[in-house]
Amino acid sequence: MAIDGMKAALRSWVQRPDDSTRLPDDRAARLIREAEDHGPNWFWQTDRHGRVAYLSDKIVRVFAAADIDPVGAALTDLLRIAGAESGPDDSERTIAFHLSARTAFTDYAVTPALAGGQDRSWSVSGSPFTDPYGRFEGFVGTGTDMAAVRQSDAEITRLALFDSLTGLANRQRMRISLEQTLAQPGYDGTALFLLDLDRFKAVNDTLGHPVGDALLKQVAERLLRAVGDAGLVGRLGGDEFQVVLPRMGNRAQMATLAQAIIASLSQPYFIGGNAVSIGCSVGIAVSPDDGATPDVLVSHADLALYAAKGAGRGVHRFFHDALLEDSRSRQQMADDLRVALSRDQLRIVYQPVVALDGGRITGFEALVRWQHPTRGTLAAQEFLGVAEECKLIEAIGEWVLRTACHDAASWTGDTRLSVQLSGAQFANPSFPAILTNAVARSGMPAERLELSIAEASLLRDMRHAVATFAALQGVGIRLALDDFGAGQASMSCLRRLPLDRIKLDRSFVRGVSDPEGRNAAVVRSIVTLADLLGIATTARGVEYHDELAVLRDLGCTEVSGPVYGPPVDGATATARLLREGGALTPQGPKAERAARTRMLRSTTIEVDGRRRPARIRDLSTTGALIDLVDFGEGAIGSVIRIDTGGGHWSAATIRWAEDGRAGLHFDRPIVVERRMTIRRKE
């Protein structure tokens, strides 16, 4: 300990008063006072007769409380060996022996010679000292309050094993507990829960770290109540928590507890006038099935937590072997992705963005693809998650930006290029410089570039987002908020950021043509608000003609998606702009329809009360494709009846008819599985 060195130095200094290197008297006195006042140690000195000449004030006060003045009293009258009766029974063990023999002693356990003195535990050490002529002058020594030392040691242990913010066990204690639990012979299973708070970072970034800390304390309290006596709860750091549940081998019981934890932590919190909502995901590994050592169990619980997050968060998942295979696959993909960057295996395709008023191309969205040597062409969503994990997302993003700007420089007119940014790119302080360089080298006017940024990337640091937006708009670049409405703070982004465009989340576009749904009303309100703010709107992921019609009626500015065909390469994009002034004709199905089962089966239809043979080629819950019929165009809109299997008749409307075939729409959905089962029995 550092104080031991101080004691030795002070003893050495006292014994060598002629040493030219000794500390000045005032500095030595300050050091002594510091040690006396702020630690468990104290000092004493006797004359050549063993009487106390100096004693630290805090020890003087102990004796003064019993009306004893220790200065001038014999040291042997003030201290007694701990555990011994009053009086020197064994002279070789007593302080009196060392005083008379003028020999040093170390760490004798003593108590004050007072009534009730046994309640105090001290340790004393001493050494004889002489004057410059070698004549014995007395003893100088130190003492230590062992109770204070034990209290200090206990506090050090607490800090070493407990989280200072929440009071929960920390990572070290959780590991020790897990090791001890797994080492017990004959245990019947131990469950390990890993918990990660959903949306906690957004709370920290928007409301500040003091609110975040208060939130973590409330989370800890709820966790303790939910787990109770079933296990040990700990905080690993940040918003990660862990629960060790010994002797819990029932997976149904584990699932019930996990759901109870998720439900409890997902309830609103009220902190400093703010209502805060977060969520929780849980990964579970069970020993011995999922691992018999702490490292393996933690690793497998982490994989289960990863699966829970991938399932949409707010859920729990158990570890299973397939997750380990997924992990190996992600690692292999990460290795392959590093090779892909060096071997030019990435390419860009362009999805047309079309104005609803006129049907002409106004721009293209740049989408990255990976031409994998064994897996074929991979879409962005299949590998960008891995790219983020292995820290390659910025390199890929910069490559996409530079390549797309180079391709777009040859486009005609004011055709816009839309490039999506990752959170890591946007957070990079050097990004504005990287962007400016890419645009300048391509020769493309800056005002033709539009950057799409997801809401989550902005919420990480809204102050940084505001400053970066201002810098980008200063050079003429347009800014768009991607997947508008999918997050929790879209309205806040509209209020605080100078956006040029919002891109409607696909969840609002899907079903917008359903007259019984609410998506159309939601889209109308978003479009109206955006129009009032002078912000353009783009609906992404449009697949069907009827969606186009409704979005046009709702006032949406532009659309993109499969309804205008698949994305194309740069050369084809340029050709489309040159052909017919960039006008595009919608492709694909007219309306969304249920998945169809292909078959070839005889059936019977009933038209105007008369039954006729026909054949089913496709069957879904909402309709069927039939042939061997001779309906004319006049039959379109008529209602007929059809045997969908096993004598089950359904009413259907003829939607179209040509070349001996007809499309039917059932008045009420049917259960295809049941019809297929009946067919097999037939």
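Considering the stretch 364-383 alone, what residues qualify as being of a type outside the set (V, I, T), open to solvent by 70 Å² or more (accessible area, probe 1.4 Å) and farther than 12 Å from R347 by Cα? Walk me through it before giving the result.
First, the residues of the stretch 364-383 that are of a type outside the set (V, I, T): 364-367, 369-373, 375-376, 378-383.
If we keep only those that are open to solvent by 70 Å² or more (accessible area, probe 1.4 Å) as well, we get 371, 373, 375, 381-382.
Passing the criteria: P373, R375, Q381, E382.
State which residue pairs qualify: first residue more than 20 Å from G570 (Cα to Cα) and surrounded by 19 or more Cβ atoms within 10 Å (Cβ to Cβ) and inside the stretch 414-436, second residue of a type in the set (S, T, N, Q) and modelled with pLDDT of 85 or more in any location, beta carbons under 7 Å apart, and separation of 6 or more residues or different chains.
If the second residue must be of a type in the set (S, T, N, Q) and modelled with pLDDT of 85 or more, the pairs left are F431/Q425.
Considering only the stretch 594-611, how many residues are assigned to a strand (DSSP E or B), in contact with an Asp or Glu (Cβ under 8 Å, 6 or more places away or on another chain) and not polar (S, T, N, Q)?
3
Checking K391 against (1) over 30 Å from A583 (Cβ atoms); (2) part of a helix (DSSP H, G or I); (3) open to solvent by 40 Å² or more (accessible area, probe 1.4 Å); (4) not polar (S, T, N, Q), which single condition isn't satisfied?
It fails just one condition, (2).
What are the pairs, 6+ residues apart or on separate chains, where a residue within the stretch 288-309 that is touching a residue at least 40 places away in the same chain (Cβ under 8 Å) has its Cβ under 8 Å from a residue that is open to solvent by less than 70 Å² (accessible area, probe 1.4 Å) and in a helix (DSSP H, G or I)?
That search, which allows pairs on different chains as well, returns A292/L182; T293/L182; P294/L178; P294/L182; L297/L178; L297/L182; V298/L178; A304/L323.
For the stretch 19-38, state whether one or more residues are open to solvent by 80 Å² or more (accessible area, probe 1.4 Å), over 59 Å from the mean Cα position of the chain (by Cα) and at pLDDT below 70.
Yes, the stretch 19-38 contains a residue that is open to solvent by 80 Å² or more (accessible area, probe 1.4 Å), over 59 Å from the mean Cα position of the chain (by Cα) and at pLDDT below 70.
Okay, residues lined up against (1) surrounded by fewer than 17 Cβ atoms within 10 Å (Cβ to Cβ); (2) outside any helix (DSSP H, G or I); (3) on the phi > 0 side of the Ramachandran plot:
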site	(1), (2), (3)
L216	no, no, no
E221	yes, no, no
V244	no, yes, no
F270	yes, yes, no
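Tell me, which residue of the stretch 324-341 that is open to solvent by 20 Å² or more (accessible area, probe 1.4 Å) and in contact with a Leu (Cβ under 9 Å, 6 or more places away or on another chain) is modelled with the highest pLDDT?
R338
Looking at this structure, is G474 at positive phi and of a type in the set (G, A, S)?
On the way: at positive phi: no; of a type in the set (G, A, S): yes.
For G474, the condition - at positive phi and of a type in the set (G, A, S) - is not met.
Out of (1) surrounded by 15 or more Cβ atoms within 10 Å (Cβ to Cβ); (2) at pLDDT 90 or above; (3) in a helix (DSSP H, G or I), what's the single condition that is false for R225?
Going through the list (1) surrounded by 15 or more Cβ atoms within 10 Å (Cβ to Cβ); (2) at pLDDT 90 or above; (3) in a helix (DSSP H, G or I), R225 breaks only (1).
With D357, D407, D344, D295 as the choices, which residue is of a type in the set (D, E), open to solvent by 10 Å² or more (accessible area, probe 1.4 Å) and either in a strand (DSSP E or B) or in contact with a Gly (Cβ under 7 Å, 6 or more places away or on another chain) (or both)?
D407 is the lone residue from the list that is of a type in the set (D, E), open to solvent by 10 Å² or more (accessible area, probe 1.4 Å) and either in a strand (DSSP E or B) or in contact with a Gly (Cβ under 7 Å, 6 or more places away or on another chain) (or both).
Got a sec? Which helices (runs of 4 or more DSSP H) wholly within the stretch 501-588 have at least 3 residues that are open to solvent by 20 Å² or more (accessible area, probe 1.4 Å), in contact (Cβ under 8 Å) with a residue 12 or more places away in the chain and within 21 Å of E455 (Cβ to Cβ)?
Helices (runs of 4 or more DSSP H) meeting the threshold: 506-509, 519-532.
Is there a residue in the stretch 121-144 that is part of a helix (DSSP H, G or I) and at pLDDT below 90?
Scanning the stretch 121-144 turns up no residue that is part of a helix (DSSP H, G or I) and at pLDDT below 90.
If you check V386, V400, which single one turns out to be within 27 Å of T468 (Cα to Cα), at pLDDT 90 or above and open to solvent by less than 60 Å² (accessible area, probe 1.4 Å)?
The conditions single out V400.
Test M462 against the stated conditions and say whether it is buried (at least 17 other Cβ atoms within 10 Å of the Cβ) and closer than 24 Å to K391 by Cα.
yes
Would you call E580 out of contact with any helix residue (DSSP H, G or I) (no Cβ under 7 Å at 6 or more places or on another chain), charged (D, E, K, R) and at pLDDT below 90?
yes
Assuming L341 fulfils every condition listed in (1) in contact with an Asp or Glu (Cβ under 9 Å, 6 or more places away or on another chain); (2) within 27 Å of V400 (Cβ to Cβ); (3) among the hydrophobic types (A, V, I, L, M, F, W, C) apart from one, which condition is it?
L341 satisfies every listed condition except (1).
The values are calculated or read from the model by the stated rules, or taken from the named source; none is laboratory data. Being a predicted model, the structure only gives us computed values, none of them experimental. Counting neighbours? That spans all protein chains shown, and the Cβs are built from the backbone with ideal geometry, glycine included. Surface areas here come from the heavy atoms of the whole protein model, side chains and all, with no ligands, DNA or RNA. Shrake-Rupley method; radii C 1.70, N 1.55, O 1.52, S 1.80 Å.
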